[in-house]
Number of protein chains: 2
Amino acid sequence: MTTASDPYYSRTLDQWQAAKRVDPVAADAPGPLTTDEVWNYVRDGFLFAPELFSQSEVDEFLAEAESLAENWPAGQPGIIKEPDSDVVRSVFRLHKVSQLYNDRFFRDFRILDRVQQLIGTDVYIHQSRLNYKPAFDGKEFFWHSDFETWHVEDGMPRMRALSVSLFLTESHEFNGPLMLIPGSHETYIRCTGGTPDKHFERSLRRQDYGVPSRQALEFLLEGSSIVAPKGAAGSVVFFDCNTMHGSSGNLGPTPRINLFSVYNSLENAVTQPFCNRPPRPEYLAERAIVPLSDKKQK
Amino acid sequence: MTTASDPYYSRTLDQWQAAKRVDPVAADAPGPLTTDEVWNYVRDGFLFAPELFSQSEVDEFLAEAESLAENWPAGQPGIIKEPDSDVVRSVFRLHKVSQLYNDRFFRDFRILDRVQQLIGTDVYIHQSRLNYKPAFDGKEFFWHSDFETWHVEDGMPRMRALSVSLFLTESHEFNGPLMLIPGSHETYIRCTGGTPDKHFERSLRRQDYGVPSRQALEFLLEGSSIVAPKGAAGSVVFFDCNTMHGSSGNLGPTPRINLFSVYNSLENAVTQPFCNRPPRPEYLAERAIVPLSDKKQK
């Protein structure tokens, strides 16, 4: 696809650019979210649902998270360490690994009903992961739009995807909570530079390409301000694929563990990457397109 | 001095150790602080004084801070860059450089009266600096007790010093505010490892020695919790030399600039370092002992 026909081209210019989003933020499908909630999502690019899951559910999910980090099979891809240590930062493609997460979270009706209401079609899982943000050692995630990377490196054509982040531990000001820039999802930031070969091997620990410039971030923050939803374990943040987000390091004495799943419209399945590189591995960008609606768990 | 006669030996053992502080936290000298304020300082190891300086004073201090970072003479020691970039992280020994800071902050009666009330004797400046914590690029300062380094690397004999941090910008949850562990000043953490030659050349960007272990931090946080005083520019934090503190990175769009001065009792002037290394340079540990009481600015 050429730059001219791709509204979301990036990493081709010497200067960053702000482009208008060309896709709707949310559909008008029926579902459990109120009109106000959908409107807030459309305006802010995210929605916070405090304590959508119970503590007993969280306890089971946490035990699974600890087991996955400890028992990840040697040689199985999808495990990432912290940039300065050997502590586990993330594990990926959990929808192929964890029956518990599949049955009780990824396909749970509390998640899927909301996701399908916002996306408006049946969906599949583009990516799933745990971010452990370990106590004291968990380093920051710099500001980024997921969509920029998913588009350029994975070949996701349009903005018809969203992320769901479930707090498996309380999120508070000292453990590096998810931070978002409300309204940033309406603007697509074209980043500078190219895409090095096998960029993902480094970018998951510390990202150098597909990073918005300081000026781009200042532009997005004009008239807006940073928001960090905080709350008990079991709370959920739904956020648009293009919402600018990041998080500080964790200098607190307990980990900040979040379980993520990314849902993409079946009508928006990944194609060839929008850069001259092979696609990233499937643990980062699923290419087995499995519709979820008939597998919903009530 | 041998380990046996030095209550604060450190970096000589294979395992961290918690030792009881042997020095009083505060004197009982007259001064502007109320009895409650002194008691809180003794209990917590710090005291927060919101908006002790006016915005117009801060404006002048900020202009000086920007000028110092921009015009630091090539070859003059005491300027430190961020670990991953060329942005200025800190400048040091400002009591030898800035008449404005000397007259209007370091020796200002609002500072000196409180410092002398807490320390109980005349004092001199052991160190002074600006931490810029630049927008987006300002990286974390990991947890540390200043005294551990000042003792081992600078030869400060006892805990009779304190730091004063003036906010030159608002401190808020998103720009990496100073975080402290209340009560931690009562415990001296002996760190593991040694002290490499010219350790300071690296430690000011990212510290590897004299760092408390994760277990030591958990120990200090038992029954306590992290506190981050937040407030307008012009606010001041007074904190004991042994209070465990640190700060997260700054992912916000504006810098977080703090002006620090460290006051040490005249009766506690630095001697030879408590490690087998030459003392650190004077921009980090002043060896020209100049009493301040007769130079107080009203």
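The values are calculated or read from the model by the stated rules, or taken from the named source; none is laboratory data. What you see is a predicted model, and the numbers here were worked out from it, not measured in a lab. Reconstructed Cβ throughout: ideal geometry from the backbone, glycine too, with neighbour counts over all protein chains shown. The accessibility values were calculated without ligands, DNA or RNA, using every heavy atom of the protein model including side chains. Shrake-Rupley method; radii C 1.70, N 1.55, O 1.52, S 1.80 Å.
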Anything in the range B:100-116 that is open to solvent by 40 Å² or more (accessible area, probe 1.4 Å) and touching a Gly at 6+ places or on another chain (Cβ under 8 Å)? List them, or say none.
B:ARG114
When you go through (1) closer than 25 Å to B:ARG158 by Cβ; (2) under 18 Å from the mean Cα position of the chain (by Cα) one by one for B:GLY120, which number turns out not to apply?
(2)
Qualifying positions in the range A:225-259 - more than 9 Å from chain B (Cβ to nearest Cβ) and touching a helix residue (DSSP H, G or I) at 6+ places or on another chain (Cβ under 7 Å):
A:ALA233, A:GLY234, A:PHE238, A:ASP240, A:CYS241, A:ASN242, A:THR243, A:MET244, A:ILE257, A:LEU259
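Need a quick list: strands (runs of 3 or more DSSP E) entirely within the range A:118-227 having at least 2 residues that are under 16 Å from A:PHE274 (Cβ atoms) and modelled with pLDDT of 95 or more. If you could, list the steps in order and put the result at the bottom.
On the way: elements: A:123-131, A:141-144, A:161-167, A:187-190.
Here the list reads A:187-190.
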I'd like the full set of residues that are of a type in the set (Lys, Arg), open to solvent by less than 40 Å² (accessible area, probe 1.4 Å) and farther than 22 Å from A:LEU251 by Cβ, limited to the range B:241-286.
B:ARG280
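Identify, please: which residue in the range B:287-298 is assigned to a loop (DSSP other than H, G, I, E, B) and farther than 19 Å from B:VAL91 by Cα and is, among those, least open to solvent (accessible area, probe 1.4 Å)?
First pass over the range B:287-298, keeping only residues assigned to a loop (DSSP other than H, G, I, E, B): B:287-292, B:296, B:298.
Cutting the leftovers down to farther than 19 Å from B:VAL91 by Cα gives us B:289-292, B:296, B:298.
Working: B:ILE289: 66, B:VAL290: 56, B:PRO291: 53, B:LEU292: 9, B:LYS296: 60, B:LYS298: 178 Å².
Across the range B:287-298, the extreme among qualifying residues is B:LEU292.
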For the range A:35-47, does any single residue satisfy the condition of being out of contact with any Pro (no Cβ under 9 Å at 6 or more places or on another chain), modelled with pLDDT of 95 or more and assigned to a loop (DSSP other than H, G, I, E, B)?
no
Given the options A:VAL123, A:VAL97, A:VAL152, name the one that is open to solvent by less than 10 Å² (accessible area, probe 1.4 Å), more than 14 Å from chain B (Cβ to nearest Cβ) and more than 28 Å from B:ASP137 (Cα to Cα).
A:VAL123
